[in-house]
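Beneath this line is the structure, given in structure tokens, with notes to follow.
The values are calculated or read from the model by the stated rules, or taken from the named source; none is laboratory data. Bear in mind the structure is a predicted one, so any value in this text is a computation, not a measurement. Glycine also receives a Cβ, built like all others from the backbone with ideal geometry; neighbour counts cover every protein chain displayed. Note: accessible area is taken over every heavy atom of the protein model, side chains too, but ligands, DNA and RNA are not part of it. Shrake-Rupley method; radii C 1.70, N 1.55, O 1.52, S 1.80 Å.
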Amino acid sequence: MGSIDTPQNPENGSTTLPPTTDASATYDGDRNPNNGMPPRATEMMLPIESEVVKKRKASMFPLEVGTRVLCRWRDCKYHPVKVIERRKIQSGGTNDYEYYVHYTEFNRRLDEWVKLEHLDLDSVETVVDEKVEDKVTSLKMTRHQKRKIDETHVEGHEELDAASLREHEEFTKVKNIATMELGRYEIETWYFSPFPPEYNDCLKLYFCEFCLNFMKRKEQLQRHMKKCDLKHPPGDEIYRSGTLSMFEIDGKKNKVYGQNLCYLAKLFLDHKTLYYDVDLFLFYVLCECDDRGCHMVGYFSKEKHSEESYNLACILTLPPYQRKGYGKFLIAFSYELSKKEGKVGTPERPLSDLGLLSYRGYWTRVLLDILKRHKGNISIKELSDMTAIKAEDILTTLQSLELIQYRKGQHVICADPKVLDRHLKAAGRGGLDVDVSKLIWTPYKEQG
């Protein structure tokens with residue numbers, strides 16, 4: 001939810017490294033760069049300098065976990081990284097290692113294994129004590145920089161204290177699955193997911209796009225597809241409009257599917273908890289349909305019974321389908337279900353910064369449209385009844401837009417038409433609309 005836009009990833013080692021800048025390689029014997037120094041003297045000095053450099057570099061290997069260095073990324077530029085883990089290359093020499101690095105400017109989803117040639121060894125920094133380093137870094141950072149780093153590193157973990165966060169990041173620090181195949185897409189994963197131990201040595205997984213069973217080899221998937229009878233997710237189709245369909249899956253009735261969906265989703269969601277007890281949840285899977293079947297593009301889940309009025313527990317749009325309006329559609333759909341239930345709803349807390357941004361965008365567009373139609377002559381209670389958005393979420397949204405004031409003991413909405421138009425323009429388009437007339441659904445509590 002609210003992910004950064006990641007570029008397509010070339011394979012490690014496919015980019016061309018810049019020319020070496022070692023002194024022995026750049027020396028031109030036809031020129032004299034040393035202000036009168038005889039060429040012979042220069043030639044005598046270069047091997048000595050080269051030996052010093054070689055010895056210094058040799059003493060570095062293998063790089064220690066915690067080392068900071070510059071690394072060549074997909075944009076062909078060097079970025080600061082921290083070595084998270086290392087592993088020996090099977091066919092390599094004594095010091096031939098690959099390094100799992102975290103780009104300190106970016107979210108953890110971009111962590112990856114790199115070879116030594118991607119690293120600028122002249123930029124290597126010695127390993128320092130983490131607690132001391134964090135204290136020094138926090139003193140040097142501006143407030144804006146600290147906020148930016150907090151948004152990147154603590155996304156989805158606001159409920160964790162510092163010790164729990166360190167424990168979580170230690171356990172999930174290295175992605176165990178590098179890529180997955182789902183339907184016609186091969187997708188690079190973002191995070192660790194706790195698959196069963198027998199998949200620990202598997203860098204790529206092959207998923208059946210209909211039943212979500214996963215396998216280690218392409219041949220296994222091909223054999224499975226010949227036997228799999230499903231052409232859509234299990235469960236009930238509760239919505240179809242054009243080529244879009246939504247299926248409701250009961251975690252209790254389709255336990256294996258629910259667990260497989262959680263395993264898959266965890267590859268792209270850096271949450272602390274993976275729910276193995278899927279019996280308590282309903283899963284709403286959005287699909288694009290064609291003559292080959294219904295292909296999952298994303299989903300959200302919700303508890304069957306929530307004492308806190310949560311109408312959404314987890315939400316994901318798969319990377320190949322992002323930035324097409326599906327995330328906003330899923331949020332809107334969750335509120336349409338709440339309207340059918342006759343309840344107000346809110347997403348499960350805590351929200352990440354980017355998650356809050358997605359929801360704030362939805363709340364802003366919905367509320368501004370209503371305020372414009374009613375010319376501001378409407379109460380927060382009436383807004384909540386019309387939209388199924390919780391009153392507290394309406395209040396914080398309008399406060400952030402400076403559209404509400406507190407007068408004589410009550411909140412008053414101040415909706416100047418020009419201000420509303422300006423906010424609507426800034427909010428952008430609302431994404432795909434839910435055609436409520438195509439929704440055929442009975443709330444869970446009324447079933448059977």
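In order along segment 259-266, phi translates into HN-Hα couplings of 5, 5, 5, 5, 4, 5, 4, 5 Hz, rounded to whole numbers, per the Karplus curve 6.51 cos²θ - 1.76 cosθ + 1.60 with θ = phi - 60° and x for Gly and Pro. Distance from the alpha carbon centroid of segment 226-297 to that of segment 332-346 works out to 20 angstrom. Plainly put, segment 206-354 has a radius of gyration that is 0.96 times its Kirkwood radius, both from alpha-carbon atoms, as the Rg/Rh ratio.
Amide hydrogen proximity for H295: with H placed 1.01 Å from N in the peptide plane, the residues at 5 or more positions away or on another chain lying under 5 Å are E288, C289, D290. When Rg and Dmax are taken over the Cα atoms of segment 343-382, they come to 12.3, 33 Å.
With r defined as the distance between the Cβ atoms of L424 and K231 and R0 fixed at 35 Å, what FRET efficiency is calculated, to the nearest 0.05? Don't skip to the answer; put the middle values down first.
Working: r = 41 Å, r/R0 = 1.17.
E(calc), rounded to 0.05, equals 0.30.
For I404, the amide hydrogen comes within under 5 Å of the amide hydrogens of C414, counting only partners 5 or more places away or on other chains and with H modelled in the peptide plane. If you plug the beta carbon distance of K340 and V174 into 1/(1 + (r/R0)^6) with R0 = 51 Å, you get a FRET efficiency near 0.75. Using C-alpha pairs under 8 Å with a sequence gap of at least 6, the mean separation divided by the residue count of segment 352-429 gives a relative contact order of 35 percent. Per residue, the convex hull spanned by the Cα atoms of segment 352-429 amounts to 94 cubic angstrom. Taking a Cβ cut-off of under 13 Å around L205, the surrounding Lys, Arg, Asp and Glu residues balance to a net charge of 0, with basic ones at +1 and acidic ones at -1. Computed across segment 61-125, the Kirkwood hydrodynamic radius from all distinct Cα-Cα pairs reaches 11.8 Å. With the cut-off at under 19 Å, measuring from each backbone N in segment 361-376 to a point 7 Å along the Cα-to-Cβ line of D416 picks out 368-369, 371-376. For the set R240, R68, R87, solvent exposure ranked by accessible area (probe 1.4 Å, protein chains only) runs largest to smallest as R240, R87, R68. Restricting attention to segment 274-312, which chymotrypsin sites (Phe, Trp or Tyr not before Pro) occupy a DSSP loop and are surrounded by at most 15 other Cβ atoms within 10 Å? Here the chymotrypsin sites (Phe, Trp or Tyr not before Pro) that fit, given the DSSP loop and packing criteria, are Y276. Think of each Lys and Arg Cβ as +1 and each Asp and Glu Cβ as -1; about the Cα centre, that makes the dipole of segment 352-429 roughly 280 debye.
Calculate, in nm to one decimal, what K324 and D290 gain on full extension: separation in residues at 0.36 nm each, minus their alpha carbon distance. Spell out each step's value before the answer.
Details: separation 34, 0.36 × 34 = 12.24 nm, distance 1.77 nm.
So the chain would gain 10.5 nm between K324 and D290.
Taking amide H positions as modeled 1.01 Å from N, with prolines and chain starts lacking one, the residues under 5 Å from I177 and 5 or more places away or on another chain are S193.
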